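Here's the structure we're looking at; comments come further down.
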Amino acid sequence: MRQLLGKGLAGAGLILMAIGANAQIRDYRENRIVGQQGRLPMDRLMADLDRAQANSRFDRGDRRRFDRARKEIYDFQRKFAAGRYDRRELDQAIASVQRVVDMASINRRDRAVLMEDLSRMREFRAGFRGPLPNAYGYR
């Protein structure tokens, strides 16, 4: 009886964990699609680059492309946080990420995620007008 009760509780726990994980994944995808107020599209991109690099087999040149993309994104974010919108920096970041996406060593799933990130970066660039928006917490 104890074994049956223990197995039942363990099974129920696994089911609850699976349901919770599914809800987190769904929330994650919804946040990625809709975006989070107060966050730049580049914030999520850094984590996606890390994941793509961890999931890929590549050579030194590919590693430099990842490092360059991170540097370009960081440079743009640093200036943006200081209250300066530098379109040239953003264009360089987009181009660097595009070079990562174009690598043959990136798996299909990571490539799709990075392409979504690129799309959001381009939307951000196209939609940016005037002074820094208060939605991002900058003045």
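The values are calculated or read from the model by the stated rules, or taken from the named source; none is laboratory data. These figures come from a predicted structure and were not determined experimentally. Note that we place each Cβ from the backbone using ideal geometry, even for glycine, and neighbour counts take in every protein chain shown.
Here's the yes/no breakdown for (1) among the acidic types (Asp, Glu); (2) more than 18 Å from Arg51 (Cα to Cα); (3) modelled with pLDDT under 95:
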site	(1), (2), (3)
Asp75	yes, yes, yes
Lys79	no, yes, yes
Ala82	no, yes, yes
Asp86	yes, yes, yes
Leu90	no, yes, yes
Ser96	no, no, no
Met103	no, no, yes
Arg108	no, no, yes
Asp117	yes, no, yes
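Scan the range 52-75 for residues that are surrounded by 15 or more Cβ atoms within 10 Å (Cβ to Cβ) and within 23 Å of Ala112 (Cα to Cα) and jot them down. Full working, then the answer.
Of the residues in the range 52-75, the ones surrounded by 15 or more Cβ atoms within 10 Å (Cβ to Cβ) are 52-53, 56, 58, 62, 65-66, 68-70, 72-73, 75.
If the condition is that a residue be surrounded by 15 or more Cβ atoms within 10 Å (Cβ to Cβ) and within 23 Å of Ala112 (Cα to Cα), then Ala52, Gln53, Ser56, Phe58, Asp62, Arg65, Phe66, Arg68, Ala69, Arg70, Glu72, Ile73 are the ones that fit.
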